[in-house]
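**Student:** Please find one structure pasted underneath; my questions will follow.
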Amino acid sequence: MKQTYFITGISTDVGKTVVSAIVTEALQADYWKPIQAGDLDYSDTHKVKELISNDISQYHDNSFSLHTPMSPHAAATIDGVSITKHKIKRPVTKNSLVIEGAGGLLVPINDTETIIDLIAPKDKVIVVSRHYLGSINHTLLTIEALQSRNFTVAGIIFSGNEHPSTESIIKKMTQIPVIGRIDEEPYIDDRVVSEYATKFQENLEKI
């Protein structure tokens, strides 16, 4: 059945793009990043496309492609454009869709709206958590923010080396299913993504 999966992280640089590639590959879904800020020559869409092996997934254009690697609201000001939720139109597809957010949930896209405002009520939200000092707090706050708006937090994916006490307390306090964990790999290519896609597929299909 066609589903939409929104990939968010507890902060920036926690592994959302790799997770998006793995989920896209596992479900042979389409991929879309609504807002890209910076790295337009090698964007997250370029990266995901490189990491996918299947021939079914399609890659939809960003609604906004901003030149400066900053928070979308600031990058948009520099580019002289105005971002609003209503200007961001989801791609039409008969396939399931993986949407990758930018930074964390409360990253501003303008003076009044943030990334969380791009999530739709029926989306299945996957939270990417990576261990660092403060990551428990950031993970719990992210999940609380989603649940306070009645979004479905479908699962957590841990990124990076295993940290048992951190992962254990997050699981206990949230009661959110853990889809899996991505190790601190020496490199990420399509073969590695395919291996994780196979490993996570059963759990993804359950959510």
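**Student:** How many percent of the accessible area of the range 1-156 is carbon or sulfur, using a 1.4 Å probe? Could you put the intermediate results ahead of the total?
**Tutor:** Working: 3730 of 7260 Å².
After summing per-atom areas, the C and S share lands at 51 percent.
**Student:** Length gain on complete extension for the stretch residue 132 to residue 152, per 0.36 nm per residue less the alpha carbon to alpha carbon distance? If you can, show how the numbers build up before the last one.
**Tutor:** Details: separation 20, 0.36 × 20 = 7.20 nm, distance 2.52 nm.
Full-extension gain reported as 4.7 nm.
**Student:** For the range 71-177, what is the Kirkwood hydrodynamic radius in Å, using each pair of distinct C-alpha atoms?
**Tutor:** Taking every pair of different Cα atoms in the range 71-177, averaging 1/r and inverting gives 15.4 Å.
**Student:** Just the number, please: Stokes-Einstein D of the range 119-207 in µm²/s, Kirkwood Rh from C-alpha pairs, 20 °C, 1.002 mPa s.
**Tutor:** 154
**Student:** Let me check against my output: what whole-number percent is the relative contact order of the chain, with C-alpha pairs under 8 Å and at least 6 apart?
**Tutor:** Relative contact order for the chain comes out at 28 percent.
**Student:** Additional query: What does the accessible area per residue of the chain come to in Å², with a 1.4 Å probe and no ligands, DNA or RNA counted?
**Tutor:** I get 50 Å² per residue for the chain.
**Student:** At q = 0.11, 0.12 Å⁻¹, what log₁₀ I(q)/I(0) does a Debye calculation on the Cα points of the chain give, no solvent, two decimals?
**Tutor:** Each listed q corresponds, in turn, to -0.47, -0.57.
**Student:** DSSP loop (so not H, G, I, E, B), at most 16 other Cβ within 10 Å: list which chymotrypsin sites (Phe, Trp or Tyr not before Pro) in the range 85-186 pass both filters.
**Tutor:** Counting only loop positions with at most 16 other Cβ atoms within 10 Å, the chymotrypsin sites (Phe, Trp or Tyr not before Pro) in the range 85-186 are 132.
**Student:** So, one more: Of the options 126, 46, 59, report the single residue whose Cα projects farthest towards the positive end of the charge dipole of the chain (beta-carbon charges: Lys, Arg +1; Asp, Glu -1).
**Tutor:** Final value for the positive-end residue is 126.
**Student:** Please work out the C-alpha center-to-center distance from the range 5-25 to the range 88-151 and express it in whole Å.
**Tutor:** 10
**Student:** Just need the relative contact order of the range 4-71 here, percent rounded to a whole number, with Cα pairs under 8 Å and 6+ apart.
**Tutor:** Across the range 4-71, relative contact order equals 37 percent.
**Student:** Counting Lys and Arg as +1 and Asp and Glu as -1, each charge on the Cβ, what is the dipole of the chain about the Cα centre in debye, to the nearest 20?
**Tutor:** Computed charge dipole of the chain: roughly 800 debye.
**Student:** Below 8 Å between Cα atoms, with a sequence gap of 6+, how large is the relative contact order for the range 37-93 in percent?
**Tutor:** On the way: 40 pairs, mean separation 22.1, N = 57.
Once normalised by length, the contact order is 39 percent.
**Student:** Would you please calculate the Kirkwood hydrodynamic radius of the range 1-82 over all C-alpha pairs and express it in Å, rounded to one decimal?
**Tutor:** Computed over Cα pairs of the range 1-82, the Kirkwood hydrodynamic radius comes out at 13.5 Å.
The values are calculated or read from the model by the stated rules, or taken from the named source; none is laboratory data. Values in this document were obtained by computation on a predicted structure and should not be read as measured data. Because the Cβ atoms are built from the backbone with ideal geometry, glycine has one as well, and the counts that use them run over all protein chains shown. Keep in mind that these areas ignore ligands, DNA and RNA; they rest on the heavy atoms of the full protein, side chains included. Shrake-Rupley method; radii C 1.70, N 1.55, O 1.52, S 1.80 Å.
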